[in-house]
Amino acid sequence: MSKISVVPFGPQHPVLPEPIHLDLVIQDEKVLSAIPSIGFVHRGLESLVDKRDFKEMVLVAERICGICSFGHGMGYCEAVEKIMNITVPDRARFLRTMFQEMSRLHSHTMWLGLAADAFGYESLFMECWRIREKILDMLEMATGGRVIFSICDVGGLRKDVPDEMLAEFDRRFAALKSDYDHVTEIFLNDDAVKSRLCGVGVMTIQQANDLGCCGPFLRASGVRRDARMTNYEAYGELDFEPVTANEGDSYARCKVRIGEIYQSIDLIRQCIAKMPAGEVQAPVKGLPDGEYMMRIEQPRGEALYYVKANGTKNLTRFRVRTPTFANIPGLMEIMKGTEVADVATLILTIDPCISCTER
Amino acid sequence: MSLAQFSKTAIRNLFHKPVTEKYPFVPKEYGERTRGHIENDISKCVLCGLCMMRCPSHAITVNKAAYTWQINPFSCVQCNYCVEGCPKKSLTMKNTYTKPDTQKTSVVLKYSAERIAGEEARRKAMIEKAMAAKKAAEAKKAAAAQEAAPAGTGKAEVQ
Ligand code: SF4
Ligand code: SF4
């Protein structure tokens, strides 16, 4: 047995899109344990509630993350709407659901690209991002922004999306399926990809539950838990069943995300088909007074938004628990006993978003 | 099987037009709704400062005394919040992005010389009017005091 040594990993590392630092305790190329440290990109967004009024905070909340920005804005708005007893118009609910699923779609596609990049599949990476660009183009067409949409508002949406545009989206999403078939085939059936993913970083159902994991990371271990089952926004009116897998390894996580890609396309098309007519913005009167905790399902897992107000235009507290924060303990657990070479792919399989985590 | 799959894509990519655009040689066309940069039609702006108060990133500075409206386009996060709040509808969100620059240059807009002269004259007139009103009020007060004075003496006499 060779001696135990500690190898620093990150915050700057070619495979890491964002800064997380790990101290890997290794022996003979095997990881014995990992100690995480975060805090490199803390921005203190939550405390901005003192300085920005509750409507301006929507714009701040959206900027917690560049990928799941819509969900952050929506989660915040939902919480404030619940406090103020605002009923969001039906059309706005369906459009919000559609944008949320489009965010999930582009986030998962981005993840596929990053995963391909981590295996050294450069052209597959570019193929994935080429597809993602099509979704970003649609988002830009509808909202005006590629990743930060600034369309969600307390009471509904700032802009409506015309029906012709929705019909166009429907056509494009129908065509997108074959693009995905082409790349997902490689992720699911390629031997080289399988050799990097199958049986690596196994998380049992018991561990996943005990460590409080969430999102595809949790569902890949066979737990049927998804915040969309709480039927917020329009999810209650759509045909939705969470995607799960039982193996709990990296391959299962990849499989769950691919399943969710197809499910998102399906949900978006359902939203477009069922889109009600009417207003998208409900009048907002008065100031919020009370507190509320909202749960929504972000691409990376369940996010919590806690909002507390005291009847003034500034909130007294805003707290966000992001999915990556919940998944870090799980990540540390699956790393135990793996090869050092697998650490990078394992970190990727939880789809970490460190900027969200640190807010 | 999967190798054959991907070689198909690779070969197709050899003969296809690139997916990316040759920016800046080919100008980029932006969508109608794209939030690119903020423009202010200063002739409509009344320098009320609402946009400055609303801006979440403090990109706008309104100086009423100097008749200027200033934006730092590199601080602006294109949230459109100022546009929604402008009472005179003088702000617009254009769909082209801010031009790159070597430093964070602010855009300063100032009222035209005639408008400044007009504003100055209006302010002067307002001040004069206020002064005149103040003077008149003082004179009225003084007169009232004088009128009240004999009554006061009367009271003293009664005592
Ligand atoms: S809100 Fe409109 S009118 Fe007022 S200062 Fe800003 S641009 Fe001018
Ligand atoms: S768009 Fe937003 S960030 Fe930019 S100037 Fe207006 S309020 Fe400020």
If I ask for residues that are surrounded by 11 or more Cβ atoms within 10 Å (Cβ to Cβ), of a type outside the set (V, I, T) and more than 16 Å from ligand 1 (Cβ to nearest atom), which ones from the stretch B:29-60 would you list?
B:Y30, B:G31, B:R33, B:R35, B:G36
I'm checking my understanding of the structure. Among residues of the stretch A:40-58 that are touching a helix residue (DSSP H, G or I) at 6+ places or on another chain (Cβ under 6 Å) and farther than 20 Å from A:C152 by Cα, which one is surrounded by the most Cβ atoms within 10 Å (Cβ to Cβ)?
A:V41
Out of A:R91, A:R52, A:R43, I need the residue that is within 23 Å of the chain's Cα centre (by Cα) and charged (D, E, K, R). Which one?
A:R43
Determine if the stretch A:76-93 includes at least one residue that is within 16 Å of ligand 1 (Cβ to nearest atom) and either touching a strand residue (DSSP E or B) at 6+ places or on another chain (Cβ under 8 Å) or within 14 Å of chain B (Cβ to nearest Cβ) (or both).
no
For the stretch B:58-80, how many residues are of a type in the set (A, V, I, L, M), within 14 Å of chain A (Cβ to nearest Cβ) and assigned to a loop (DSSP other than H, G, I, E, B)?
2
Here are the criteria: (1) within 14 Å of chain A (Cβ to nearest Cβ); (2) within 16 Å of ligand 2 (Cβ to nearest atom); (3) not hydrophobic (A, V, I, L, M, F, W, C); (4) not in a loop (DSSP other than H, G, I, E, B). Tell me which single one B:R35 does not satisfy.
(4)
Going through the stretch A:286-329 one residue at a time, which ones are closer than 13 Å to A:I64 by Cβ and assigned to a loop (DSSP other than H, G, I, E, B)?
A:R300, A:T322
Top-ranked residue in the stretch B:38-57 [being part of a loop (DSSP other than H, G, I, E, B) and in contact with a Cys (Cβ under 7 Å, 6 or more places away or on another chain); ranked as nearest to B:L109 (Cα to Cα)]:
B:C55
Quickly run through the stretch A:173-209 and pick out the residues that are more than 21 Å from A:V343 (Cα to Cα), within 14 Å of chain B (Cβ to nearest Cβ) and surrounded by 13 or more Cβ atoms within 10 Å (Cβ to Cβ).
A:D179, A:Y180, A:H182, A:V183, A:T184, A:E185, A:I186
Out of everything in the stretch B:81-101 that is assigned to a strand (DSSP E or B) and within 9 Å of ligand 2 (Cβ to nearest atom), what residue ends up being surrounded by the fewest Cβ atoms within 10 Å (Cβ to Cβ)?
B:M93
The residue that is nearest to ligand 1 (Cβ to nearest atom), considering only those in the stretch B:83-113 that are under 17 Å from the mean Cα position of the chain (by Cα) and within 14 Å of chain A (Cβ to nearest Cβ), is B:G85
Scanning the stretch A:193-214 residue by residue, those in contact with a Phe, Trp or Tyr (Cβ under 7 Å, 6 or more places away or on another chain) and in contact (Cβ under 8 Å) with a residue 60 or more places away in the chain turn out to be A:V193, A:R196, A:L197
Which ones in the stretch B:34-55 are of a type in the set (K, R) and either modelled with pLDDT under 85 or in contact with a strand residue (DSSP E or B) (Cβ under 7 Å, 6 or more places away or on another chain) (or both)?
B:R35
When the residues of the stretch B:68-80 are filtered to those that are within 11 Å of ligand 1 (Cβ to nearest atom) and surrounded by 19 or more Cβ atoms within 10 Å (Cβ to Cβ), which remaining residue is farthest from the chain's Cα centre (by Cα)?
B:I71
Selection from the stretch A:212-247 of residues over 24 Å from A:L157 (Cα atoms), crowded, with 23+ Cβ neighbours inside 10 Å and among the small types (G, A, S) yields A:G215, A:A220, A:S221
Inside the stretch A:96-134, can you point out the residues that are more than 14 Å from every other protein chain (Cβ to nearest Cβ) and in contact with a Gly (Cβ under 9 Å, 6 or more places away or on another chain)?
A:R96, A:Q100, A:S103, A:R104
Determine whether B:N63 is within 11 Å of ligand 1 (Cβ to nearest atom) and surrounded by fewer than 19 Cβ atoms within 10 Å (Cβ to Cβ).
yes
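The values are calculated or read from the model by the stated rules, or taken from the named source; none is laboratory data. The model shown is predicted, which means the values in this text are computed figures rather than measured ones. FYI the Cβ positions are ideal-geometry reconstructions off the backbone, even for glycines, and counts take in every protein chain you see.
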